[in-house]
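Novice: Pasting in a structure now, in structure tokens, and then I'll have a few things to ask.
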Amino acid sequence: MTDLFKGYKGAALSSLKSYNVRVWSEALIKTTRGDFNGIILPRSENDDDRHIVLKLPTGYNVGIDVDTITDMTEHGYKEAHYKIPEKEFPTSPDKPNVKLFGTGGTIASRLDYRTGAVIPAFSPGELY
Amino acid sequence: MVTIRVKVLQDSLVQSSILSYLLRRFGYERCKLFEGDRKHSLETNYEISKQRVGYKPRRDTLPSDYSALGFKCGLEIHQQLMTERKLFCRCPAGLYNDKTDYDAEVVRHMRPTLSELGEYDGTALMEFRTRKTIVYRLKNRTACTYEVDDTPPFKIDRQALEIALRIALMLKTNIVGELHITRKQYLDGSIPTGFQRTGIIGIEGEIPLSNRKVRIIQISLEEDSCREVSDIGHMRTYITDRLGMPLIETVTYPDMTTPDEAAEAGYYLRYLARSSGQVRSGIGAARQDVNVSITGGTRIEIKGVAHIAWIPELTHNEAFRQKALLEIAEQLNLNLDVARWKLIHKNVPPRLLSGFYSMMPDLPASHRLIAVNLPGFKNILSFFTQPRRVFADELSDRLKVIACLEKPNILVSEHCRDELVLSETDLDSLRELLKSRDNDAQVLIWGHEDDIPTAIETIDERCRMAFEGVPNETRKGLPDGTTIFERVLPGADRMYPDTDSAPIPIEDDLIEKLQQDLPPEICDRFEQLREWDVPEDTYEYLLSKNLVPVIERISGECGLTPRFVGCFLGHTLKRLEGCKPWTPGFSYSKIYGLARFVADLGLDNAILKEMLPVVYEHPNIVFDSVLTTIGYSKISREQILSHVPILRQKFNDVCTSKNPNACTDWIMGNLRKMALGNICLAELRAAIDKGVDGD
């Protein structure tokens with residue numbers, strides 16, 4: 001159940017639940033500052049519980065203050081699976097294995113919504 | 001198959017109209033031109049295709065013509081903000097270096113990364129193909145380790161954030177609850193990190209034009225990019241002084257339906273930003289990207305338009321370029337199947353082509369010469385796309401940008417312009433080499449052997465796109481109103497959340513505070529100027545420099561009419577600026593001080609126009625000295641008028657004119673210098689006309 005509201009807590013979680021709107025849903029949020037339309041994204045656990053994150057059709061993310069929300073409706077669902085394209089990793093039984101130590105960097109990483117940071121790519125296929 | 005043989009006539013106008021008729025009557029493919037004079041006949045193809053497209057100069061194009069095309073235009077206006085520091089570091093903003101003045105260079109190569117939703121962006125992939133080496137020139141005082149991604153971002157500059165919010169409120173946008181910083185990929189090298197930090201401040205606003213409201217999609221706060229120094233072959237050089245300076249980008253919906261409306265919206269948005277009093281002005285401080293599409297075409301973005309006045313011509317020509325590309329697609333699809341279409345290319349030994357070799361005798365050994373056959377493309381390469389440009393230029397532009405082949409980089413089989421055309425003998429050799437058929441077109445390209453595979457791919461790709469119509473791309477606007485290919489149009493797939501920046505809450509308290517101090521709307525400013533009876537020819541100058549508050553202050557506190565002050569600034573000051581840039585130390589406060597000085601002495605305000613040039617040249621001069629410099633001395637009204645009878649007598653002695661005003665004009669001319677500052681010139685004239693001097 002909690003996965004439906006990935007990363008949300010406190011007031012923001014209550015707001016999503018009360019309007020029955022899930023993470024990854026396409027939603028129209030009416031607020032005292034005007035209307036916002038987009039996909040509800042997961043929220044980093046390190047961020048506050050006062051805002052809902054929305055990806056606009058233009059690709060930008062914005063936060064909506066839950067205290068300004070007057071209505072919220074879901075009108076679609078589009079879950080994104082962030083992944084690095086994997087290639088088959090060539091191996092040779094004659095040669096010894098090599099160990100790699102990741103030292104960071106955006107290119108060899110993928111986004112972790114839980115922390116709002118990036119985490120290293122895991123598999124040899126991802127790295128290749 | 002009906003073959004029409006047309007003998008080329010000397011009179012190209014007659015020839016053009018005959019061919020145009022035949023074209024309409026029998027269709028394009030069936031009009032075989034007499035090959036006696038290839039240059040002459042194919043020049044006509046440019047004209048014929050221009051007529052087929054229906055191109056007209058802008059001055060002859062009506063709103064109904066744009067409506068028939070399905071013309072739509074939207075704007076993206078970039079405006080630098082007047083802050084002390086850059087957006088995400090503590091380097092000073094607004095300091096520019098000479099392009100050759102730098103302390104260090106950094107060299108980088110760019111790689112595309114996936115967007116947040118796991119997609120590659122088309123532009124990023126195109127830039128990656130160019131294999132550019134990017135050189136950045138850094139100056140210690142204007143750049144730091146943040147700019148090259150060796151230091152995480154500092155907290156956002158609050159001054160910039162508040163200015164951006166203020167302008168977002170003026171645009172009536174819905175202000176976000178939390179600003180999320182996004183990394184937007186830029187692999188052209190204009191940003192050393194490969195991404196720009198940017199965030200949305202507000203969405204869905206509007207501005208009123210004279211005929212309609214234009215909707216605003218969004219306003220964002222972002223970092224400015226580097227200034228390009230050069231772009232030659234695989235080496236692109238930038239200077240980093242401007243990098244990271246805060247700017248706002250305002251994006252409109254494609255609500256403008258004529259080129260003039262697009263310019264009107266551009267001016268409105270510029271005036272609006274300037275009316276905040278917190279944005280930069282001058283070269284490069286405001287730049288426009290213009291989106292244009294027509295029915296059946298696609299969104300084309302004309303980037304970095306330096307002057308709003310260029311927008312009408314650029315958008316007009318782009319609309320017809322799209323129409324031309326749609327005509328080309330229709331033409332190609334008549335006889336060809338793109339799925340089976342295949343170009344053929346062959347290496348050419350330079351000795352085979354005597355004409356080419358005489359033009360390019362010093363081709364390096366590492367370079368290759370490639371002949372390409374384009375099946376069924378006869379009369380396409382010389383097809384009109386823009387004034388003085390043809391489809392062959394679409395190939396040439398992409399070869400320069402994607403394959404890094406410096407221009408001239410192509411010769412073609414059809415006559416378009418002299419610098420593009422293959423000689424007759426070379427063309428015969430190429431056709432034989434490529435085993436070309438009558439309806440084929442040929443191009444010859446040359447470049448470093450490492451670049452040739454990309455060059456052939458590029459030609460193949462662009463020719464295939466010609467079957468579809470208008471490819472998505474960004475184009476660069478030129479001062480002559482035409483455009484050239486710049487990049488593949490980027491999409492939303494280049495966004496990635498900035499994991500180094502925490503979201504920034506935008507509290508209600510801050511919005512309420514900013515809302516209390518918003519300047520009047522620009523439409524109200526226009527109305528105010530009209531009410532003051534300020535001449536319309538001053539509006540652009542006064543609004544783009546945000547001078548309405550200056551008019552209000554000077555007229556309110558110095559006893560002058562707003563009309564006089566409007567003309568004083570919009571005519572007198574503008575004329576001075578046209579002759580010479582501002583002298584350091586000159587300011588609008590000096591103008592206020594000058595008006596105050598004249599008012600305190602009780603002088604007539606016409607003297608301000610004589611005094612201003614002196615103050616403009618010597619801003620620190622004492623105002624009393626200005627009076628001496630212009631030769632002013634205090635003389636009473638009676639003393640001035642006492643000269644009138646003598647002058648009238650003198651005039652009568654020498655008069656030969658029958659103009660009834662000649663006498664008054666002549667007396668005014670003689671008394672002007674004496675009267676200036678001492679008596680209102682209109683009052684003096686009325687007095688002379690009425691004969692108050694006793695005559």
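The values are calculated or read from the model by the stated rules, or taken from the named source; none is laboratory data. These figures come from a predicted structure and were not determined experimentally. Positions of Cβ are backbone-derived with ideal geometry, glycine not excepted, and every protein chain shown enters the neighbour counts.
Novice: Of the residues that make up the range B:136-143, is at least one buried (at least 17 other Cβ atoms within 10 Å of the Cβ), among the aromatic types (Phe, Trp, Tyr) and assigned to a strand (DSSP E or B)? Let's see the steps before the verdict.
Specialist: First, pick out the residues of the range B:136-143 that are buried (at least 17 other Cβ atoms within 10 Å of the Cβ): B:136-139, B:142-143.
After this cut, where a residue has to be among the aromatic types (Phe, Trp, Tyr) as well, the list is B:136.
Next cut, assigned to a strand (DSSP E or B) only: B:136.
Scanning the range B:136-143, I find at least one residue that is buried (at least 17 other Cβ atoms within 10 Å of the Cβ), among the aromatic types (Phe, Trp, Tyr) and assigned to a strand (DSSP E or B), so the answer is yes.
Novice: Answer with yes or no whether B:LEU612 is among the hydrophobic types (A, V, I, L, M, F, W, C), touching a residue at least 40 places away in the same chain (Cβ under 8 Å), closer than 29 Å to B:ARG280 by Cβ and crowded, with 19+ Cβ neighbours inside 10 Å. Reasoning before the result, please.
Specialist: Values: among the hydrophobic types (A, V, I, L, M, F, W, C): yes; touching a residue at least 40 places away in the same chain (Cβ under 8 Å): yes; closer than 29 Å to B:ARG280 by Cβ: yes; crowded, with 19+ Cβ neighbours inside 10 Å: yes.
Spelling it out, B:LEU612 is indeed among the hydrophobic types (A, V, I, L, M, F, W, C), touching a residue at least 40 places away in the same chain (Cβ under 8 Å), closer than 29 Å to B:ARG280 by Cβ and crowded, with 19+ Cβ neighbours inside 10 Å.
Novice: Out of B:GLY122, B:GLY194, B:GLY189, which single residue is of a type in the set (Gly, Ala, Ser) and at negative phi?
Specialist: Numbers: B:GLY194 fails: at negative phi; B:GLY189 fails: at negative phi.
The conditions single out B:GLY122.
Novice: Right, next: Quick test of your reading of the structure: B:GLY602 fulfils all but one of (1) exposed (fewer than 15 other Cβ atoms within 10 Å of the Cβ); (2) of a type outside the set (S, T, N, Q); (3) within 24 Å of B:GLY282 (Cα to Cα). Name the failing condition by number.
Specialist: It is condition (3) that B:GLY602 fails.
Novice: Still on this model: Would you check which residues across the range B:368-416 are among the polar types (S, T, N, Q), under 20 Å from B:GLN51 (Cβ atoms) and part of a loop (DSSP other than H, G, I, E, B) and list them?
Specialist: We begin by selecting, within the range B:368-416, every residue among the polar types (S, T, N, Q); these are B:373, B:379, B:382, B:385-386, B:396, B:409, B:413.
Remaining after also requiring under 20 Å from B:GLN51 (Cβ atoms): B:379, B:382, B:385-386.
B:ASN379, B:SER382, listed by residue number.
Novice: Does B:GLY566 meet the test of being small (Gly, Ala, Ser) and loosely packed, with under 14 Cβ neighbours inside 10 Å?
Specialist: no
Novice: Next up: For the condition at pLDDT 90 or above and within 14 Å of chain A (Cβ to nearest Cβ), what is the one hit in B:THR237, B:THR198? Write out each step before concluding.
Specialist: On the way: B:THR237 fails: within 14 Å of chain A (Cβ to nearest Cβ).
Going through B:THR237, B:THR198 in turn, just one is at pLDDT 90 or above and within 14 Å of chain A (Cβ to nearest Cβ): B:THR198.
Novice: I'd like the full set of residues that are over 32 Å from the mean Cα position of the chain (by Cα) and free of Cβ contacts under 8 Å to residues at least 40 places away in the same chain, limited to the range B:451-466.
Specialist: Of everything in the range B:451-466, just one residue is over 32 Å from the mean Cα position of the chain (by Cα) and free of Cβ contacts under 8 Å to residues at least 40 places away in the same chain, namely B:PRO453.
Novice: Got at least one residue in the range B:321-330 being β-branched (Val, Ile, Thr) and buried (at least 18 other Cβ atoms within 10 Å of the Cβ)? Don't jump to the end; show me each part of the working.
Specialist: Restricting attention to the range B:321-330, the residues satisfying the condition of being β-branched (Val, Ile, Thr) are B:328.
Among the residues that remain, those that are also buried (at least 18 other Cβ atoms within 10 Å of the Cβ) are: B:328.
The answer is yes; a qualifying residue exists.
Novice: Can you name the condition, by its number, that B:GLU330 falls short on among (1) over 28 Å from B:GLY477 (Cα atoms); (2) in the same structural domain as B:TYR46 (by TED's automatic domain parsing)?
Specialist: So the condition that B:GLU330 fails would be (1).
Novice: While we're looking at this one, here's another question. Given the conditions (1) within 14 Å of chain A (Cβ to nearest Cβ); (2) hydrophobic (A, V, I, L, M, F, W, C); (3) out of contact with any Lys or Arg (no Cβ under 8 Å at 6 or more places or on another chain), which single one is not true for B:ILE175?
Specialist: Every listed condition holds for B:ILE175 apart from (3).
Novice: Another question about this same structure. In the range B:242-263, what residues are within 28 Å of B:PRO57 (Cβ to Cβ) and either modelled with pLDDT under 95 or buried (at least 20 other Cβ atoms within 10 Å of the Cβ) (or both)?
Specialist: Answer for the range B:242-263, where residues must be within 28 Å of B:PRO57 (Cβ to Cβ) and either modelled with pLDDT under 95 or buried (at least 20 other Cβ atoms within 10 Å of the Cβ) (or both): B:THR252, B:ASP255, B:MET256, B:THR258, B:PRO259, B:GLU261, B:ALA262, B:ALA263.
Novice: Give the number of residues within the range B:408-422 that are surrounded by fewer than 23 Cβ atoms within 10 Å (Cβ to Cβ) and modelled with pLDDT of 85 or more.
Specialist: Going through the range B:408-422 one residue at a time, the tally reaches 2.
Novice: Can I ask one more? Are there any pairs, at least 6 apart or on different chains, whose C-beta atoms fall under 8 Å, with the first in the range B:648-672 and touching a residue at least 40 places away in the same chain (Cβ under 8 Å) and the second assigned to a loop (DSSP other than H, G, I, E, B), and if so, which?
Specialist: Filtered contacts from the range B:648-672: B:ARG648/B:ASP693; B:ARG648/B:ASP695.
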